[in-house]
Every structure is written in C-alpha cells, then in structure tokens.
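Just so you know, all these numbers are worked out from the coordinates, no wet-lab data involved. Since the model is a prediction, treat every value here as computed from it, not as a measurement. Note that each Cβ is placed from the backbone with ideal geometry, even for glycine, and that neighbours are counted across all protein chains shown.
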Amino acid sequence: MLMMKRTLLALNILTLVGATLSWGQNAPQANIVNANVSAPSAAPSAMPSTDANSQAQFQPRTQRYSITAGDTFDVNFELSPEFNQSVTVQPDGFITLKGVGDVYVAGQTVPQLTQTLRSSYEKILNDPLISVVLKDFEKPYFTASGQLGRPGRYDLRGTVTLTEAIAMAGGFNSDAKHSQVLLLRRVNDQWLQAKVFNVKEMMRSGKLGEDPVIHPGDQLFVPKNLLSKVKPFIPNSGVGAYGNIAP
C-alpha cells in the first residue's frame, strides 16, 4: 500500500513538471516580445522634447507691417479703373469699398489685404487684378523710459543702435544705472524677449560692435542706480557730509 502511494505521488510530480515545462516554452516568449516592442514607442510620447517647447515659445515674429485703424491706402484696378479709390481704415477696423460695401481688414499685411480685396470684388468682377499702395500708416517707432533726459516714443528711421536711441531720448540722467539697460523686444503675441546691456562697459571699452540695432516696437528701460535709491535718506545734499538724523 505504501509503495502504491509513493508511485502515485511520483506520477503526479512528473505530470506537474511536464505541464510547467510545456507552459514555459509557449507563453513567456510572447510576453517578452510584447514588452520589448511597446517600451520604446511609449517613451517619446511620455517625455516631450524640451528643445521643441523652447522653439515654439521664441519663434521670431514676422516684420511685415499690419494694417491698423487710421491707415490710408490706394486701391488700383488694372482692368477696371472705375473702381480705383483711396480708403481709410475706420476705428473699428473696417473699410468701405465701391460696389462692395464694408470689409474688415485690420491686422492684415499688404499681401493678405490684396487677397481680401480680390475675394471681395470677385463677386462683381471676373478675376480682378488689384494692387494696394500704402499712403499714410503708422511709422516704425521705439519707446524709451526710465532715467533718461527725455523719455517717450520716437520714430525709427533708418538704422538706430541702442546707444543712439539713448542719445535720441536725451541721454542718461544723474540717477541712471548705465550698466543695466534693459531692452525689450516682442517675439510673438504672447512673449517678450528681455536682454540687459552694460552700456557703461560698452562705451568704456569701445566695443561698439556689441551695440544692438533697435527694431520697430522695441522698448528700452534705464533703471535707477543705487545712489539715487539711498539719496532720500542722506541728511545733507553733499554725499560726503555728515549730519544727525532726526529721531
């Protein structure tokens, strides 16, 4: 009886080992292949590229002029001169065209405006040939603020560098911090790029090659120096003078 129990136990063990070996030859191989294929494809989507994000944020904006309220331009028709006209952009961004009516054009560049006019006149003309000539429009400008002789808004004509823009704005006053002039430049509708320039060192060393060119819409700001910040707390006008501070 004991011998029979041992024989049955041995047969059960052999059956279990055989089933385990048979399962090991089939299932695990498929699982390993799936793991090797799926892992690399999941990684890129989970880890977005930092370079791609930074490029999306700081792409330089186009320098083409955009039509704004108050601009005036001529619309000329090559084959239909009876529609030639001079129009002014109204405060709400619309213009009124002969034979067409009101059309919204604010924010468009000249090529976009030309296409808008063509699309509008295709309703009454066959393939109109239209050209647009700007007459009176917002001139390029920059703004200067902070510790300058004449802060304000200045027309930008030709090539103007940062030091030249400072001179146009009256130069530094006595409270200016020459070493930390801030230049702000818009790169798109959501982002401003800011750079600090040490104009004092630039002028002292004569490295005018580092003097940046001002772009339309740039803003420059000159902060106060340390002395101007503590000057209200000095009892006498002379910096080297001593006096008693009232309790």
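Note on 222, 87: ascending count of other Cβ atoms within 10 Å places them as 87, 222, the fewest first. Going from the fewest other Cβ atoms within 10 Å to the most, the residues 201, 82 appear in the order 82, 201.
When the charge dipole of the stretch 141-230 is built from unit charges on Cβ atoms (+1 for Lys and Arg, -1 for Asp and Glu) and taken about the Cα centre, the candidate among 163, 148, 214 whose Cα reaches farthest toward its positive end is 148.
Amide H contacts of residue 176: 225, each under 5 Å away and 5 or more positions distant or on a separate chain (H built 1.01 Å from N in the peptide plane; Pro and chain starts excluded).
Under a 5 Å amide H cut-off, with hydrogens placed 1.01 Å from N, residue 193 pairs with 185, 186, 187 among residues at least 5 apart or on other chains. The label-point distance for residue 179 and residue 138, in a model that sets each label 7 Å from Cα toward Cβ, rounds to 3.8 nm. Rounded to the nearest 20 debye, the dipole size of the stretch 72-136 about its Cα centre is 40 debye, using +1 on the Cβ of Lys and Arg and -1 on the Cβ of Asp and Glu. Within the shell defined by Cβ-Cβ distances under 14 Å, the residues around residue 143 carry a net charge of +2, with Lys and Arg each +1 and Asp and Glu each -1.
Taking each residue as 0.36 nm, the span from residue 203 to residue 90 lengthens on full extension beyond its C-alpha to C-alpha distance by 36.1 nm. For residue 102 and residue 145, the difference between the fully extended length at 0.36 nm per residue and the C-alpha to C-alpha distance is 11.5 nm.
Here the spin labels are modelled as points 7 Å beyond Cα on the Cα-Cβ line, and at residue 190 and residue 69 they lie 2.6 nm apart. Charges were assigned to the Cβ only: +1 to each Lys and Arg, -1 to each Asp and Glu. The resulting dipole of the stretch 141-230 about its Cα centre is roughly 220 debye.
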